[in-house]
1. Between Asp151 and Gln2, how many nm apart are label points set 7 Å from Cα along the C-beta direction?
2. What nm value, rounded to one decimal, do you get for the distance between Thr9 and Asn73 when each label is placed 7 Å out toward the C-beta?
3. At a 1.4 Å probe radius, which order do Leu52, Leu33 fall into by accessible area, largest first?
4. For the pairs Lys140/Lys173; Lys77/Lys140; Lys77/Lys115; Lys92/Lys173; Lys92/Lys147, flag any whose C-alpha to C-alpha distance is greater than 23 Å.
5. How large is the charge dipole for segment 2-173, taken about the Cα centre, if only the Cβ atoms of Lys, Arg (+1) and Asp, Glu (-1) carry charge, to the nearest 20 debye?
6. Quote the FRET efficiency, to the nearest 0.05, computed for Lys173 versus Ala126 with a Förster distance R0 of 25 Å and r equal to the Cβ-Cβ distance.
Amino acid sequence: MQIKVNNATLELVQGDITQQGTDAIVNAANPTLLGGGGVDGAIHRGAGPDLLAECRTLGGCETGDAKISNGYNLKAKHVIHTVGPVYRRDGKQAPELLASAYRRSLEVASENGLKSVAFPSISTGAYGYPLTEAAPIALKTVADFFKAHPDIELVRFVLFDGKTLAAYEEALKRLPSD
Ligand code: ADP
């Protein structure tokens with residue numbers, strides 16, 4: 001499923017983000033940037049040990065911020081590491097922190113001249129963000145970014161399982177078109 005926002009494409013696919021050939025893939029990392037489980041573990045396995053070596057030099061990442069590295073053995077030339085909110089811990093601030101994780105990732109992509117970015121579903125795994133709440137925030141933040149930054153041409157959400165894809169498809173159908 002895909003839509004156009006201005007001239008940019010926002011698409012939803014089911015798959016493995018480590019296999020994407022976009023200019024960057026986004027990692028749902030933890031604040032240490034020193035690796036973890038879920039999508040973070042998969043990205044480090046795909047990139048190889050040079051990724052961890054570079055991540056050690058990045059000085060960690062605050063919740064809602066993003067840092068860029070090379071992609072090493074991945075098809076994508078870059079990994080943008082972002083840290084989403086922990087749903088139960090961050091409470092009322094969780095929606096803004098989740099939006100910030102997507103926005104800062106795209107700002108970093110734009111600052112580095114990148115045109116295509118693949119995202120996983122940030123915070124909806126170990127960090128416990130309910131899918132039905134996270135999906136509309138993710139999609140609206142990306143659509144709003146496109147309106148202000150025509151340099152980004154493609155954002156692909158790569159959703160790992162059918163349930164996650166279905167939640168994003170439902171949210172995309174309901175996305176306000178203004
Ligand atoms: P968080 O800590 O931000 O919740 P997780 O990695 O636990 O991050 O989960 C985020 C999402 O990434 C979940 O929907 C999970 O199923 C998904 N995921 C795990 N492995 C991959 C992968 N290889 N490609 C894409 N998504 C993945």
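The values are calculated or read from the model by the stated rules, or taken from the named source; none is laboratory data. Note that the structure is predicted; figures quoted are calculated from it, not measured. Glycine also receives a Cβ, built like all others from the backbone with ideal geometry; neighbour counts cover every protein chain displayed. What goes into the accessible areas is simple: the full protein's heavy atoms, side chains included, and nothing from ligands, DNA or RNA. Shrake-Rupley method; radii C 1.70, N 1.55, O 1.52, S 1.80 Å.
1. My value for the distance between the label points is 2.2 nm.
2. Here the modelled spin labels are 2.9 nm apart.
3. Leu52, Leu33
4. Lys77/Lys140; Lys92/Lys173; Lys92/Lys147
5. Magnitude of the dipole: close to 100 debye.
6. The calculated FRET efficiency here is 0.35.
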